[in-house]
Structure formats: structure tokens, C-alpha cells
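Report on the following structure.
What follows draws every value from the coordinates through simple rules; no lab data is involved. Everything numeric here is computed off the predicted structure, so don't read it as measured data. Cβ: placed from backbone, ideal geometry, glycine included. Neighbour counts: every protein chain shown.
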């Protein structure tokens, strides 16, 4: 999840196809869960960035909605790859202190929504019955928004209120490589690696997993994914790494 991690991933679902000649188009759709935690620095409203260290359990406690999906189309030589992650979290924090003999309370509500969308073209560098390797190029869009509401009260009486929003939307050109290795059994391995820069100083994404092909139309896959980005603009800082295990279901058409 972004500004609050997201939750899962599935990967390349197609069977390896020889490089030449190009065949009919194949499609795959893969909803997934990504048990990602979030580590890094986040800064809002131009203030000093604070260190964030959230486990997936922490994120799950605050989760209000999450959705992740990988989709792909390929004809054996050319392909198109897409990955979408959307996560919304909400956290409430309160603190009470005694000031000059009177209780003073501060209540803070933070809503965070994050969207990460990736679209990349693919070219099959190598394809056989056992191995497929695709070069990838495209772009990744990030959008992170934080809404904060805070209220200060003394002795039960309101003293001050504050509300505000901070975040940003940006895009990075990306390049990468994706591979699948078949074992001659229903088991297979897949992996990808991507890097990019543009609006951010640097972004990257790596994944590795093992899958099981139940039939021509359906397979499952699980493994580990890590994704990072270093971005700052106009007082907003988002320098984070999300990482954790994923589990997905792949439907082929």
C-alpha cells in the first residue's frame, strides 16, 4: 500500500510461447493480496519528515479499503502489462495531558489514500517451452493524499480545530524485465525487476514467486515483493519502501 501499504500480488500468467512467429493474443487477469509493511520517511505541510515503520498488521488495523490487480495481454512477441494498487486507511489518535491542573486533550484523525498504476509494453526477448523473458518499458503513476482533522479541548471545552490535506500525484518512466520458468510439471517460477526515475529521484520494484498451474485457465502464485520510491515536492516527502509476501489467483483467457 502506499502512504499506507497495500496488500498483494499475482504475476505473469501466460504459458511460455516461442518468440517467432507471433500467435493469437492471450489475456490474463490476476487479483492478488500483498501483505506489505511500510518503512521510510514521510513529510507533510513542509515539516520535518518523520520515520514510519508499520508492519502489515498495523496497516491492516487501519485498512478501510484495498484492491490490487494485474492484467496482461501477449501474442508471443509483443505484450501489454498493467498493475493497479489502491489502498485507503484511516487512523485515530488521542492524547490527554494535564496543564495547569486542567485536562487538555488532542484528537487527531488521518485518512490516507494511495493509488499506484503501472502500464508497460513488452517485447519477448526469448521464448521456449521452458523459459520466457520479456523486456518492459512504460510508466508508473503515483497518487498519495492525506487528510488530517485535529481538535484541541481543555476541560471538555473546544479550544481549536485544524483540518488540511497534503499529498501529490506524479509519474515515473519505468523499464524492466520479466521472466517465467516452467519445470515440466504444474509448478513454475516467475520474477520481475523494474527501475525508474522522473518526477521521483528513483523508484524500483522487484518480485519473485512460485506458482501452480491447475489447468489451462487457472493458476495460483505466491512469493515476495518489494517496491520503493523516493519523491519530494513543495514540502511533501514520500521516501518509502513497501515489502511483504503476496498471494494471487490467475485467470487465463
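What the Cα atoms of the stretch 159-253 give is an Rg and a Dmax of 18.8, 70 Å. Taking each residue as 0.36 nm, the span from residue 217 to residue 53 lengthens on full extension beyond its C-alpha to C-alpha distance by 55.1 nm. The value obtained for the stretch 140-193, namely the Cα convex hull volume divided by the number of residues, is 140 Å³ per residue.
Given a Förster distance of 22 angstrom, what is the FRET efficiency for residue 175 paired with residue 141, based on the Cβ-Cβ distance and rounded to 0.05? Before the final figure, lay out each step's value.
On the way: r = 16 Å, r/R0 = 0.72.
Between residue 175 and residue 141 the formula returns 0.90.
Kirkwood hydrodynamic radius (Cα pairs, Å) of the chain? Please list the in-between numbers first.
On the way: mean 1/r = 0.0508 Å⁻¹.
With all distinct Cα pairs of the chain included, I get 19.7 Å.
Normalised by residue number, the volume inside the convex hull of the Cα atoms of the stretch 74-162 is 122 Å³ per residue. Distance between the modelled labels on residue 96 and residue 109, one decimal in nanometres: 2.0 nm (7 Å Cα→Cβ projection).
Extent along the principal axes, Cα only, for the stretch 32-104: 74, 26, 18 Å, with the longest axis given first.
Can you figure out the FRET efficiency of residue 253 with residue 129, using R₀ = 22 Å and their beta-carbon distance, to the nearest 0.05? In this case the efficiency is close to 0.55.
Averaging over all projection directions, find the projected area of the Cα convex hull of the stretch 169-211 and quote it in nm² with one decimal place.
Working: hull surface 13.8 nm².
The orientation-averaged projected area of the Cα hull of the stretch 169-211 comes to 3.4 nm².
For the stretch 118-216, with equal point scatterers placed on the C-alpha atoms only and solvent neglected, what are the log10 I(q)/I(0) values from the Debye formula at q = 0.11 1/Å, to two decimals? For the stretch 118-216 at q = 0.11 Å⁻¹, log10 I(q)/I(0) is -0.55.
By counting other Cβ atoms within 10 Å of each Cβ, how are 243, 74 ranked from fewest to most?
Values: 243 18, 74 25.
Least crowded to most crowded, the residues run 243, 74.
Between the alpha-carbon centres of the stretch 148-209 and the stretch 36-85 there is a gap of 3 Å. Per residue, the convex hull spanned by the Cα atoms of the stretch 205-253 measures out at 87 cubic angstrom.
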